[in-house]
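Undergrad: I'd like to ask you about the structure that follows.
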Amino acid sequence: MDDERLQQMLEAVSYHVKEKKEEYLILDMSAVHSYNEEVHMGVYQMNQLLDLMGTKLVITGIKPTFAIQSAPYADFSELSLQTYATVKQALQVLRT
């Protein structure tokens, strides 16, 4: 993902979150087949933006191979992200 597309995505997300006053944003990663520094920076920047807006980022759909590929880039535990295997699981927890 190039910088311009990332900025457009961040702008669209921030507009939506601001308008709808969302408490959570679920980012489903199940369609992402490889993890690299660009993906990491996108998730990191998204988390930072949402944190500033008072919205929690929830990540779903991380496959074991994806998790292994992400190891050299970051330890997402430092970001205190909530992660779930599926969107359905995340919604079940967030609705309670």
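A short reminder: the numbers here are calculations on the coordinates, not readings from a lab. Being a predicted model, the structure only gives us computed values, none of them experimental. Backbone-built Cβ (ideal geometry, glycine too); neighbour counts: all protein chains shown.
Undergrad: Placing +1 on the Cβ of each Lys and Arg and -1 on the Cβ of each Asp and Glu in the chain, which of THR96, ILE26, GLN45 has its Cα farthest towards the positive end of the resulting dipole?
TA: Ranked along the dipole, the leading option is THR96.
Undergrad: Continuing with the same structure: So which trypsin sites (Lys or Arg not before Pro) in the stretch 18-66 pass both tests, a DSSP loop state and at most 11 other Cβ atoms within 10 Å of the Cβ?
TA: Hits after loop and neighbour filter: LYS21.
Undergrad: Here is a follow-up. How much length would be gained if the chain were fully extended between SER34 and LEU81, taking 0.36 nm per residue of separation minus their Cα-Cα distance, in nm to one decimal? Present the calculation step by step, with values, prior to reporting the outcome.
TA: On the way: separation 47, 0.36 × 47 = 16.92 nm, distance 1.96 nm.
Length gained between SER34 and LEU81: 15.0 nm.
Undergrad: About the Cα centre of the chain, how large is the charge dipole given +1 on each Lys and Arg Cβ and -1 on each Asp and Glu Cβ? Please answer in debye to the nearest 20.
TA: Here the chain has a charge dipole of around 540 debye.
Undergrad: Turning to a different aspect of this structure: What is the packing order of peptides 42-50, 9-17, taking the mean over residues of other C-beta atoms within 10 Å and listing the highest first?
TA: 42-50, 9-17
Undergrad: Now a separate question. Relative contact order of the chain: what whole-number percent is it, with Cα pairs under 8 angstrom and at least 6 residues apart?
TA: Result for the chain is 31 percent.
Undergrad: Output the direction-averaged projected area (hull surface divided by four) of the convex hull of the alpha-carbon atoms of the chain, in nm².
TA: Mean projected area of the Cα convex hull: 6.2 nm².
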